Amino acid sequence: MVLEKLSESLKNTLQKIAKSLFVDEKLINELIKDIQRALLQSDVNVRLVFDLTEKIKNRALSEETAKGLTKKEQIINIVYEELVNFLGKEQHKIEVKQKPFKIMLVGLFGSGKTTTAGKLAKFYTKRGYKVALVGLDIHRPAAMEQIEQIGKHANVAVFSDKKIKDPIEIWNNFKSEYQNFDILIIDTAGRDALSHDLISEIEEVNDLIKPDENLLVISADIGQAAQKQAEQFHKSCGISGIIVSKMDGTAKGGGALTACSVSGAPIKFIGIGEKIDDLEQFNPAGFVGRILGMGDLEALLEKAKDVIKEEDAEDLGKRFLKGEFNLIDLYEQMEAMSKMGPLSSIVEMIPGFSSLKLPKEMLQVQEGKLKKWKIAMNSMTKAELEDPELIDGSRVERISRGSGIPTNEIRELVKQYRQSKKMVKMFKGSKGDMSKFMKKFGGRLPMGG
Ligand SMILES: Nc1nc2c(ncn2[C@@H]2O[C@H](COP(=O)(O)OP(=O)(O)OP(=O)(O)O)[C@@H](O)[C@H]2O)c(=O)[nH]1
Ligand SMILES: [Mg+2]
């Protein structure tokens, strides 16, 4: 996962709290030290770290324990809330308004603009928009080929012209085409620093194109240095948001994220890998939830939208939260999940699941298992599918004979159903409210503390 090391240390820290016998000032001081250490290791700016831990400490020492919460839960909740505030608090989703909606990407050399343009094209195509890429990088010789390639991969139209050495001219040449698209994603040229030359080029295209979103792409591996860069771009190029790329494979991601959060421009997406699907909308609450091992249901539903229609995903989400689901739903859910990518990355988004520390092998055999389950389900009656609690020993035998699937695997399917149902019940009604959610874990953290 992204920020794995930071996540591990923060989880351990919170577990210490969860396991402690009672909360006193000494424990709170220890907690503060642990959090500081974890954040500094992730290259978060020292001053920011101290501001944050000061807030946590003050709240932990002074706030009355909220009704229905234990002191430990209260403290964990404070850490959660302050980390969410630290990362910008609110989610800033891009609202696609008029057509064509223009998203322009700017940034320094190699920050990931062109790759991200392709990811965005795929992201919006999957959500039903008609997308085109516009390549205005006239500086790098291979830029036009790269964007052609990426366009092919994302299966969208590409407008660019390597013979023309003026971005304005390229843009104007394809003007008549743009009305045919819902979204235009515009890739621009980078520089090795925010020079006057780059500023004036961005200003010029800005004036002409008038993008609805002007997004700065910043590579996470620069850590806290991202702050200066983000502030400079914010001041001189009128950016409307930031995409932090390359969050995978750097220990400095925490530094980059927090640096961007204080720059005044909100983070809208993060890049989490080189592949075209490796892009996520950024939501501070969900992100912190995942880092702390509490799951991120919203991201899960968002990912579900990639593979199932939006209405279906919402419906599934609602029924999931109501705890009204049967074996067919479970199967559909698991099938959709298996299409969403490696189960291990899905599991961390499900509240409570990341704590189960599921062994790798278990996550891998899942797909083969799905096939068998489907065969077994074909031998079940409608009543059994709708109410798996009916499936007793003799029914297991019958289903096994009918499907050729061993009885133990059929029992496992029923068990999985019960477990999911239990998990859902626990989460039911507590959506978006961490304290209620934690309460349902019987005062223990979902990470098994
Ligand atoms: N691991 C990882 N690599 C990424 C990510 N985003 C981009 N990259 C890689 O970063 C390198 C540079 O990406 P580009 O998209 O070409 O960057 P750019 O900003 O367009 O570069 P210039 O056009 O030269 O300014 C490529 O090798 C990408 O594969 C990411 O989220 N994770
Ligand atoms: Mg590029």
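The values are calculated or read from the model by the stated rules, or taken from the named source; none is laboratory data. In this text the structure is predicted, and so the values were computed from the model without any measurement. Quick reminder, even Gly has a Cβ in these numbers, built from the backbone with ideal geometry, and neighbours come from all protein chains shown. Note: areas computed on protein heavy atoms with side chains; ligands, DNA, RNA excluded. Shrake-Rupley method; radii C 1.70, N 1.55, O 1.52, S 1.80 Å.
Within the range 3-27, residues that are of a type in the set (Lys, Arg) reach partners that are open to solvent by 90 Å² or more (accessible area, probe 1.4 Å) with beta carbons closer than 9 Å, at six or more positions or on different chains, in the pairs Lys5/Gln41.
The one condition from (1) assigned to a helix (DSSP H, G or I); (2) more than 16 Å from ligand 2 (Cβ to nearest atom) that Thr115 does not meet is (2). When Gly135, Gly110 are checked against the criterion of being touching a residue at least 24 places away in the same chain (Cβ under 8 Å), within 14 Å of ligand 1 (Cβ to nearest atom) and surrounded by fewer than 24 Cβ atoms within 10 Å (Cβ to Cβ), a single residue qualifies: Gly110. Hey, among the residues in the range 174-183 that are surrounded by 14 or more Cβ atoms within 10 Å (Cβ to Cβ) and not aliphatic (A, V, I, L, M), which one's nearest to the chain's Cα centre (by Cα)? Ranking the qualifying residues of the range 174-183, first place goes to Asp182.
For the range 146-171, which positions are more than 18 Å from Glu201 (Cα to Cα), basic (Lys, Arg) and either surrounded by 15 or more Cβ atoms within 10 Å (Cβ to Cβ) or under 33 Å from the mean Cα position of the chain (by Cα) (or both)? Lys152, the sole residue that qualifies. If I filter the range 96-104 for residues that are hydrophobic (A, V, I, L, M, F, W, C), out of contact with any His (no Cβ under 7 Å at 6 or more places or on another chain), crowded, with 22+ Cβ neighbours inside 10 Å and assigned to a helix (DSSP H, G or I), do I get at least one hit? So far as the range 96-104 goes, no, none of its residues is hydrophobic (A, V, I, L, M, F, W, C), out of contact with any His (no Cβ under 7 Å at 6 or more places or on another chain), crowded, with 22+ Cβ neighbours inside 10 Å and assigned to a helix (DSSP H, G or I). Counting the residues of the range 61-95 that are open to solvent by less than 40 Å² (accessible area, probe 1.4 Å) and within 27 Å of Ala259 (Cα to Cα) gives 13.
Residue pairs whose Cβ atoms lie under 7 Å apart, sitting 6 or more positions apart in sequence or on different chains, and linking a residue in the range 183-197 that is more than 15 Å from Lys119 (Cβ to Cβ) and of a type in the set (Asp, Glu) to a partner that is open to solvent by 10 Å² or more (accessible area, probe 1.4 Å) and within 11 Å of ligand 2 (Cβ to nearest atom), are Asp192/Leu108; Asp192/Phe109.
Just the residues that are in a helix (DSSP H, G or I) and more than 16 Å from Ile291 (Cα to Cα), please, taken from the range 17-38. Ile17, Ala18, Lys19, Glu25, Lys26, Leu27, Ile28, Asn29, Glu30, Leu31, Ile32, Lys33 - these are the residues of the range 17-38 that are in a helix (DSSP H, G or I) and more than 16 Å from Ile291 (Cα to Cα). Residue-level analysis places Ala220 among those that are within 12 Å of ligand 1 (Cβ to nearest atom), in the same structural domain as Val106 (by TED's automatic domain parsing), aliphatic (A, V, I, L, M) and buried (at least 22 other Cβ atoms within 10 Å of the Cβ). The single residue among Gln98, Gln74, Gln91 that is touching a Ser or Thr at 6+ places or on another chain (Cβ under 9 Å) and more than 16 Å from ligand 2 (Cβ to nearest atom) turns out to be Gln74. Counting only helices (runs of 4 or more DSSP H) that sit wholly inside the range 121-222, those with at least 2 residues that are within 16 Å of ligand 2 (Cβ to nearest atom) and among the β-branched types (Val, Ile, Thr) are 143-154, 196-209.
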